[in-house]
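Remarks on the structure that follows.
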Amino acid sequence: MFQGKRELITFRAPGRVNLIGEHTDYNAGFVMPAAINLSVYTKITARDDRKLQVRSDNFADEIEVDLDDASLTARKHWSDYPVGVAVILEGAGYRLRGARLEMNSEVPMGSGLSSSAAVEVSVACALLANSNITVERKELALLCQKAENEFVGARVGIMDQFVALFGEEQRALLLDCRSLEYKLLPVPSSVRLVVCNTMVKHELASNEYNERRAQCEAGVEHLAKFLPHVKALRDVTLEQLERYGRDLPEVVYRRCRHVITENARVLAAGEALERSELPEFGRLMADSHVSLRDDYEVSCRELDLMVELADKVEGVYGARMTGGGFGGCTINLVDVDHVEAFIRAVAEGYEQATRLKPEIYVCEASKGAEQTKT
Ligand code: GLA
């Protein structure tokens, strides 16, 4: 059927760290992630049939599926991500050639650094290249999100897939999740993005995540009765929430308040970054953490502790939890000359208090998905 060369090609897609703008993407709001220098690599070799064989260095088992099998569904298995991407690409009308995929992830899993989006994007790029199909990057981000929403069953927003495709070196990406317009903002060379992993996995978080989404939707439904133009929390100001949200259940009110104030913080942080005003940027990060902890309730003891420890260290502009929450990582904006002392102080304090040895990654804002030489 297919007569192409069985060339081995590799695609890399990065994980990400979100600087600010948490739980705003699925509310049509603003986010500011950066792609990081930890990636998923997917090697692909063509087959002459329509079988997909998938293995990962990170897991022991290997799977094989038939692209013509119309009954493929999620099995709560790591392979749901690559298989889901293939199914969604096929569903969008892109006829794929069979292949053997070999994945390897440097992105720690379940840590809020978006290893799933990195898998989806690297696999999508590999499958399409293997089939000589070109898809525009925005469409590809949306298709990968769809794979996670519809095949895997996690109702995630667009942030992770988008930055895995559009990230740039030394740049943070300010994204409008409604229009998908974005701006790349410089991360000053005087700071490092230091990511501290609490080593608490957020595996049990997907119910909580979907519940937060539902609470935001309940807020929108109520507010739209008074403000017909409101389609998402993005369209609501704090004054409007205070005025028309009085009858909302208290929890829903707080969820809405987080999203509304967080959107404003992202925009302010974008301006601060454009002017290299790092203290202001850091202050906004701190406010974001408090709002996520108290209003949105997606932090946990270990994340709070990691942030408190960071706040005590010299040379730290700001610290907050990053990603979906309930474990995972914090992001710390640290002056380059203080990074080593920061790592020592935080690692020691955290281990003493929790008996957990944190992993700390000094990240660089990196380029989005690309074909690599190996
Ligand atoms: C996860 C999701 C994103 C986003 C964040 C929270 O990482 O994949 O879409 O909603 O949580 O900001």
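The values are calculated or read from the model by the stated rules, or taken from the named source; none is laboratory data. The structure presented is a predicted model; accordingly, all values stated were derived computationally and were not measured. Reconstructed Cβ throughout: ideal geometry from the backbone, glycine too, with neighbour counts over all protein chains shown. Note: areas computed on protein heavy atoms with side chains; ligands, DNA, RNA excluded. Shrake-Rupley method; radii C 1.70, N 1.55, O 1.52, S 1.80 Å.
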Descending accessible area (1.4 Å probe), largest on the left, turns His202, His229, His258 into His229, His202, His258
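Which FRET efficiency value, to the nearest 0.05, is calculated for Gln170 and Lys138 with the Förster distance at 22 angstrom and r the Cβ-Cβ distance? Intermediate values should be presented prior to the final figure.
Details: r = 22 Å, r/R0 = 1.02.
For R0 = 22 Å, the calculated efficiency reads 0.45.
In what sequence, largest accessible area first, do Tyr350, Tyr81 appear using a 1.4 Å probe?
Numbers: Tyr350 0, Tyr81 60 Å².
Ranking Tyr350, Tyr81 by accessible area, largest first, yields Tyr81, Tyr350.
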Which value, in Å² and to the nearest 10, is the accessible area of Met109 when all protein chains are kept and the probe is 1.4 Å? 70 Å²
Cβ-placed point charges (K, R +1; D, E -1), dipole of the stretch 1-74 about Cα centre in debye, nearest 20: 380 debye
SASA check, Phe326, accessible area w/ 1.4 Å probe, all protein chains in place, rounded to nearest 10 Å², comes out at 50 Å²
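Counting only heavy atoms of protein chains, what accessible area per residue, in Å², does the chain have with a probe of 1.4 Å?
Details: 16070 Å² over 374 residues.
For the chain, the per-residue accessible area is 43 Å².
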Amide H of Glu169: which non-local residues (sequence gap of 5 or more, or other chain) have their own amide H closer than 5 Å, using H built in the peptide plane? Lys367
Two pseudo-spin positions, 7 Å from Cα along C-beta at Ala341 and at Gln240, lie apart in nanometres by 4.7 nm
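For Leu180 and Asp304, what does the FRET efficiency come to when R0 = 25 Å and r is the distance between their Cβ atoms, rounded to the nearest 0.05? Intermediate values should be presented prior to the final figure.
Working: r = 33 Å, r/R0 = 1.32.
E(calc), rounded to 0.05, equals 0.15.
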Straight distance only, please: which aspartates and glutamates reach the Cα of Lys183 with their own Cα at less than 12 Å, same-chain residues fewer than 8 apart left out? Glu168, Glu271, Glu274
Can you list residues from other chains, or at least 5 along the same chain, whose modelled amide H is less than 5 Å from the amide H of Leu193? Cys363
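Of the accessible area of the chain, with the probe set at 1.4 angstrom, what percent is carbon plus sulfur? Write down the numbers at each step before the final one.
Numbers: 7680 of 16070 Å².
C and S fraction of accessible area: 48 percent.
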What is the list of residues in the stretch 118-152 whose amide nitrogen lies under 18 Å from a point 7 angstrom out from the Cα of His77, following Cα to Cβ? 120, 148, 151-152
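Explain nothing, just the number: dipole magnitude of the chain about its Cα centre with +1 on each Lys and Arg Cβ and -1 on each Asp and Glu Cβ, in debye rounded to the nearest 20.
Details: 45 positive and 58 negative charges, 135 e Å.
Dipole of the chain, to the nearest 20 debye: 640 debye.
Can you work out the FRET efficiency for the pair Glu314 and Glu271, with r the C-beta to C-beta distance and R0 = 30 Å, to the nearest 0.05? Don't jump to the answer; show the numbers that get you there.
Numbers: r = 26 Å, r/R0 = 0.87.
Efficiency, from the Cβ-Cβ distance: 0.70.
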